[in-house]
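The values are calculated or read from the model by the stated rules, or taken from the named source; none is laboratory data. What you see is a predicted model; the values in this text were computed from it and never measured. Cβ coordinates were reconstructed from backbone atoms using ideal geometry, including for glycine residues, and neighbour counts include every protein chain displayed.
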Amino acid sequence: MQAKRKEGKIVLVAGDYNTAHKPIDLANPKENEKFSGFLPIERAWLDKISELGWVDTFRKFNASPDEYSWWSYRAGARPRNVGWRIDYFWVNEEAMPYISGAGIRQDIEGSDHCPVWVQLTLP
């Protein structure tokens, strides 16, 4: 990824990272601090990605709580919106002029995850 950045490329890296980055990214942060997916070492890894100049596109456009991309199948978590935001679109800082939006489609069901999206506008 870093090699493509050095070439001046626009780089988007998307996927299920299985880690909620910040307390805003899950419904019950205090209760989950000692569980995989919200451990300090995992969150520090996402901090490192950010420090290297990668941008979490969703948080760039949306600072709202209660926006999740994954819910456990247990205890009716999805209807109660007790979820985690663990799916990301990271882009290099150089790509940000071409990113005009990002979001989560919580209205689309069929999995324990829902789609995340980024809008790329090229010149």
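What single numbered condition from (1) out of contact with any Phe, Trp or Tyr (no Cβ under 8 Å at 6 or more places or on another chain); (2) of a type in the set (Ser, Thr, Tyr); (3) surrounded by 12 or more Cβ atoms within 10 Å (Cβ to Cβ) fails to hold for Ser69?
Unmet for Ser69, out of (1) out of contact with any Phe, Trp or Tyr (no Cβ under 8 Å at 6 or more places or on another chain); (2) of a type in the set (Ser, Thr, Tyr); (3) surrounded by 12 or more Cβ atoms within 10 Å (Cβ to Cβ): (1).
Starting from residues that are touching a Cys at 6+ places or on another chain (Cβ under 9 Å) and not aliphatic (A, V, I, L, M), keep the ones in region 84-121 and report whichever is farthest from Lys6 (Cα to Cα).
The residue in question is Asp107.
Can you tell me which residues in region 22-36 are farther than 13 Å from Asp66 by Cβ and either acidic (Asp, Glu) or at pLDDT below 95 (or both)?
Glu31, Glu33
Go through region 14-34 and count every residue that is in contact with a Pro (Cβ under 9 Å, 6 or more places away or on another chain) and free of Cβ contacts under 8 Å to residues at least 12 places away in the same chain.
Residues that pass the stated criteria total 4.
Of the conditions (1) over 21 Å from Asp112 (Cβ atoms); (2) at pLDDT 95 or above; (3) surrounded by 15 or more Cβ atoms within 10 Å (Cβ to Cβ), Arg5 fails just one. Which one is it?
If we test Arg5 against (1) over 21 Å from Asp112 (Cβ atoms); (2) at pLDDT 95 or above; (3) surrounded by 15 or more Cβ atoms within 10 Å (Cβ to Cβ), just (2) comes out false.
Show the residue pairs that are 6+ apart or on different chains and have beta-carbon atoms under 7 Å apart, the first residue being within region 102-123 and farther than 18 Å from Val55 by Cα and assigned to a strand (DSSP E or B), the second being of a type outside the set (A, V, I, L, M, F, W, C) and modelled with pLDDT of 95 or more.
Listed pairs, sorted by first residue: His113/Asp16; His113/Ser69; His113/Asp87.
Only one of Gly101, Gly53 is modelled with pLDDT under 95, exposed (fewer than 15 other Cβ atoms within 10 Å of the Cβ), within 21 Å of Leu12 (Cα to Cα) and of a type in the set (Gly, Ala, Ser). Can you tell me which?
Gly53
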